[in-house]
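> I have a structure I would like to understand better, so I am pasting it below and will then ask my questions one at a time.
The values are calculated or read from the model by the stated rules, or taken from the named source; none is laboratory data. None of these values were measured; they are calculated from a predicted model. Because the Cβ atoms are built from the backbone with ideal geometry, glycine has one as well, and the counts that use them run over all protein chains shown.
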Amino acid sequence: MALGVSDKGGYNTCVFAALVINEILLWMALFDAPGRWLVAVTAIPSSFLDQLNFLPSKPNPISTEIMSDEYGASVQIGEGSYPVADVHIEQPSSEIPPEPLDERPLTDKPASEQPQAMALETNYPIPYRSKLTEPFEPGQTLIVKGKTAEDSVRFTVNFHTAAADFSGNDVPLHISVRFDEGKIVFNTFSKGEWGKEERKSNPWKRGDDIDLRIRAHDSKFQIFADQKEIKEYEHRVPLSSISHFSIDGDVFITKVVWSGKYYPVPYESGIPGDGIAPGKTLIVYGIPEKKGKRFHINLLKKNGDIALHFNPRFDEKAIVRNSLLSNEWGNEEREGKIPLEKATGFDLEIRNEEYGFQIFLNGERFATYAHRTEPNDLHGIQIGGDVEITGIQIVDSAPAHQ
């Protein structure tokens with residue numbers, strides 16, 4: 001591997017020797033026991049790594065025991081192991097900061113791989129143009145949040161092929177929110193002409209906040225307004241042809257997020273590295289089933305204990321919080337009304353702080369849950385019950401919600 005280190009005296013010899021020694025130590029650690037891998041912390045000083053331009057510049061050792069078998073890596077939790085090969089947890093947030101009119105890529109890659117630091121909320125220039133760095137896959141969701149003005153007339157959200165413009169290339173999906181007509185118009189531009197319009201009533205009024213979500217599937221898009229499904233739109237050109245994205249018109253955009261996949265429920269996943277340590281926030285995007293009664297989200301310790309059991313119960317009109325420690329449930333906490341609706345999406349944020357979990361639903365503080373166990377050892381997630389999960393993220397905690 002070429003490291004690009006300049007030749008100054010015997011410097012290259014020292015570099016080579018250090019790397020060889022470190023490699024031997026690493027392989028000794030890796031084969032600690034048959035069929036088992038242990039992540040080793042490198043003995044090379046971080047200042048030395050900095051000179052070699054490694055990324056990240058400082059090692060981030062993994063304290064969780066990682067096991068490997070024919071099915072891939074897993075995190076050991078209690079007496080079982082949780083797979084991490086299919087975790088698909090974005091770290092950190094895939095929110096995209098504003099930039100002048102250019103072809104800035106939409107991406108859900110870690111901040112360390114992006115040119116600018118992420119911001120919780122930013123204002124996006126309109127018209128907004130962006131290029132996808134990866135294909136739009138079934139299961140993924142585009143989330144657009146913002147606000148309209150009292151004199152707004154129309155705004156559009158568009159998926160494009162080849163370029164984020166209307167110069168003749170295909171527009172696989174055109175959504176036109178029209179306050180002057182009280183309608184939302186859906187259409188496709190293909191082979192040089194517009195297709196037949198499909199229309200729905202516009203649920204927004206001038207001056208409203210807007211939350212528009214577009215979820216891709218193999219044969220159609222699901223479109224949500226304020227977390228409620230308003231339209232299924234069949235693909236008229238292949239989903240794989242989408243390469244660009246744009247927003248135009250009378251709207252003020254504060255947030256753009258592109259992420260997600262299909263998650264099976266029950267869902268279980270190990271979290272390597274620091275897990276959900278203090279200073280981290282777990283974000284879960286989901287939709288309770290139309291006829292659902294209950295679902296739960298558990299945060300697990302490596303010994304199998306449940307540090308937080310978050311359990312919305314529509315049949316009891318309550319959200320129960322609890323912990324399972326040493327196979328014993330503690331006292332339930334169920335104060336507060338249930339701010340969830342069946343068949344209506346939700347954004348759940350669980351922020352791990354030094355003294356407790358701060359829980360937010362749809363951007364509003366819902367509850368505080370004091371830690372009943374050590375908060376630095378959260379390395380697993382369980383989700384079960386009557387819910388569809390559309391996205392999971394682990395991000396650095398943002399400043400407190402106002």
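> Yes or no: residue 377 on the phi < 0 side of the Ramachandran plot and outside any strand (DSSP E or B)? It would help to see each step written out before you state the result.
Numbers: on the phi < 0 side of the Ramachandran plot: yes; outside any strand (DSSP E or B): yes.
Yes; evaluated as a whole, the condition is true for this residue.
> Check segment 345-355 and report whether any residue there is under 18 Å from residue 280 (Cβ atoms), among the basic types (Lys, Arg) and crowded, with 17+ Cβ neighbours inside 10 Å.
First pass over segment 345-355, keeping only residues under 18 Å from residue 280 (Cβ atoms): 347-355.
Among the residues that remain, those that are also among the basic types (Lys, Arg) are: 351.
Of the ones still in play, those that are also crowded, with 17+ Cβ neighbours inside 10 Å are 351.
Yes.
> What number of residues in segment 337-359 are without any contact (Cβ under 8 Å) to a residue 60 or more places away in the chain and either in contact with a Phe, Trp or Tyr (Cβ under 6 Å, 6 or more places away or on another chain) or among the acidic types (Asp, Glu) (or both)? Steps first, please.
So in segment 337-359, the residues without any contact (Cβ under 8 Å) to a residue 60 or more places away in the chain come out as 337-342, 355-359.
Remaining after also requiring either in contact with a Phe, Trp or Tyr (Cβ under 6 Å, 6 or more places away or on another chain) or among the acidic types (Asp, Glu) (or both): 340-341, 356-357, 359.
Matching residues across segment 337-359 total 5.
> Of everything in segment 153-207, what is of a type in the set (Phe, Trp, Tyr), over 15 Å from residue 247 (Cα atoms) and surrounded by 15 or more Cβ atoms within 10 Å (Cβ to Cβ)? Give them in sequence order. Spell out how you get there, then give the answer.
Filtering segment 153-207 for residues of a type in the set (Phe, Trp, Tyr) gives 155, 159, 166, 179, 186, 189, 194, 204.
Adding the requirement that they be over 15 Å from residue 247 (Cα atoms) leaves 179, 189, 194, 204.
Result: 179, 189, 204.
> Among the candidates 265, 237, 257, which residue alone is β-branched (Val, Ile, Thr), modelled with pLDDT of 95 or more and under 26 Å from residue 308 (Cβ atoms)? So that I can check it myself, show each step before the final result.
Numbers: 237 fails: under 26 Å from residue 308 (Cβ atoms); 257 fails: modelled with pLDDT of 95 or more.
Unique residue meeting the criteria: 265.
> Take the conditions touching a Lys or Arg at 6+ places or on another chain (Cβ under 7 Å) and more than 28 Å from residue 257 (Cα to Cα) and apply them to residue 318. Does it pass? Write out each step before concluding.
Working: touching a Lys or Arg at 6+ places or on another chain (Cβ under 7 Å): yes; more than 28 Å from residue 257 (Cα to Cα): yes.
Taking the combined requirement at face value, the residue satisfies it.
> Only one residue in 331, 303 is without any contact (Cβ under 8 Å) to a residue 40 or more places away in the chain and either over 15 Å from residue 385 (Cα atoms) or of a type in the set (Asp, Glu) (or both). Which one?
Details: 303 fails: without any contact (Cβ under 8 Å) to a residue 40 or more places away in the chain.
Step by step, each of 331, 303 is checked, and only 331 is without any contact (Cβ under 8 Å) to a residue 40 or more places away in the chain and either over 15 Å from residue 385 (Cα atoms) or of a type in the set (Asp, Glu) (or both).
> Can you find even one residue in segment 342-355 that is over 22 Å from residue 270 (Cα atoms), small (Gly, Ala, Ser) and either in the same structural domain as residue 298 (by TED's automatic domain parsing) or touching a strand residue (DSSP E or B) at 6+ places or on another chain (Cβ under 6 Å) (or both)?
Checked segment 342-355: at least one residue is over 22 Å from residue 270 (Cα atoms), small (Gly, Ala, Ser) and either in the same structural domain as residue 298 (by TED's automatic domain parsing) or touching a strand residue (DSSP E or B) at 6+ places or on another chain (Cβ under 6 Å) (or both).
> Within segment 211-232, is there a residue that is surrounded by 13 or more Cβ atoms within 10 Å (Cβ to Cβ), on the phi > 0 side of the Ramachandran plot and either at pLDDT 95 or above or in the same structural domain as residue 361 (by TED's automatic domain parsing) (or both)?
Within segment 211-232, one or more residues are surrounded by 13 or more Cβ atoms within 10 Å (Cβ to Cβ), on the phi > 0 side of the Ramachandran plot and either at pLDDT 95 or above or in the same structural domain as residue 361 (by TED's automatic domain parsing) (or both).
> Residue under question is residue 394, and the condition is that it be under 28 Å from residue 315 (Cα atoms) and of a type in the set (A, V, I, L, M, F, W, C); does it hold? Show your work before the answer.
Values: under 28 Å from residue 315 (Cα atoms): no; of a type in the set (A, V, I, L, M, F, W, C): yes.
Considered against the rule, which asks whether it is under 28 Å from residue 315 (Cα atoms) and of a type in the set (A, V, I, L, M, F, W, C), residue 394 comes out as no.
> A further question on this structure: Could you tell me whether residue 188 is over 23 Å from residue 250 (Cα atoms) and of a type in the set (Val, Ile, Thr)? Full working, then the answer.
On the way: over 23 Å from residue 250 (Cα atoms): no; of a type in the set (Val, Ile, Thr): yes.
Here the answer is no, as residue 188 does not meet what is asked.
> Still on this structure, I have one more. Give me a count of the residues in segment 328-361 that are outside any strand (DSSP E or B) and in contact with a Gly (Cβ under 9 Å, 6 or more places away or on another chain).
Residues of segment 328-361 that are outside any strand (DSSP E or B), as a first pass: 330-332, 334-345, 353-355.
Checking the rest, the ones that are also in contact with a Gly (Cβ under 9 Å, 6 or more places away or on another chain) come to 342-343, 345, 353-354.
Number satisfying all stated conditions: 5.
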